[in-house]
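Okay, so here's the structure we're looking at.
The values are calculated or read from the model by the stated rules, or taken from the named source; none is laboratory data. A quick note: this is a predicted structure, and the numbers were derived from the prediction, not measured. When we count neighbours, we look across all protein chains shown, and the Cβ atoms used for this are built from the backbone with ideal geometry, even at glycine.
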Amino acid sequence: MLQSRNKSRRGAMAEINVVPYIDVMLVLLVIFMIAAPLLSQGVNVNLPQASAKPLPPKNEPPIIVSVDQKGQLYLNVSEQPKIPIPAQALMVQVAAQLAVAKQKNQSREVYVKGDQAVGYGKVVEAMVMLQKAGVENVGLITQPVD
């Protein structure tokens with residue numbers, strides 16, 4: 001009887017148990033930490049280190065988009081690789097090369113080679129064009145350290 005009287009004297013408990021809320025908050029934090037980088041990047045860019053070893057050769061040559069110091073684009077798999085190519089033609093030719101590789105169940109590597117005198121924006125524009133052509137991963141070509 002003594003216990004029942006003590007409970008009635010105390011009244012209702014006004015404390016909130018915050019432990020479940022903290023657990024939910026931590027789970028949401030982890031989800032946002034994982035999802036945020038995926039939302040901000042359109043194209044995965046694998047930046048090579050300057051002292052990296054050369055990549056082993058593949059059956060198919062890689063698709064290389066070059067940006068010269070004037071910002072003109074060149075494509076190594078075009079009919080005339082030493083002549084600048086318009087952006088629209090570049091996207092069409094890269095998309096066609098990727099489609100052929102997909103039909104053969106192969107993957108083609110795509111690289112961007114930018115002149116060190118060209119602005120960073122021109123290299124980014126080339127990467128955006130590659131993204132529109134359907135490229136998922138782009139590598140950047142650098143000179144080895146002497």
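Side notes on the structure shown:
- Pairs, first polar (S, T, N, Q) in segment 98-112, second at pLDDT below 90 and assigned to a helix (DSSP H, G or I), C-beta under 7 Å, six or more apart: S107/A101
- Flag if L38 is part of a helix (DSSP H, G or I) and at pLDDT 85 or above: no
- Residues of segment 80-106 satisfying the condition of being more than 14 Å from M129 (Cα to Cα) and in contact with a helix residue (DSSP H, G or I) (Cβ under 9 Å, 6 or more places away or on another chain): Q106
- Looking across segment 49-87, just one residue is at pLDDT 85 or above, within 22 Å of the chain's Cα centre (by Cα) and among the polar types (S, T, N, Q), and that is S66.
- Selection over segment 98-120 of residues that are of a type outside the set (S, T, Y) and within 16 Å of S66 (Cβ to Cβ) gives a count of 10.
- Answer from Q93, Q106 - the residue that is loosely packed, with under 13 Cβ neighbours inside 10 Å and in the same structural domain as N76 (by TED's automatic domain parsing): Q106
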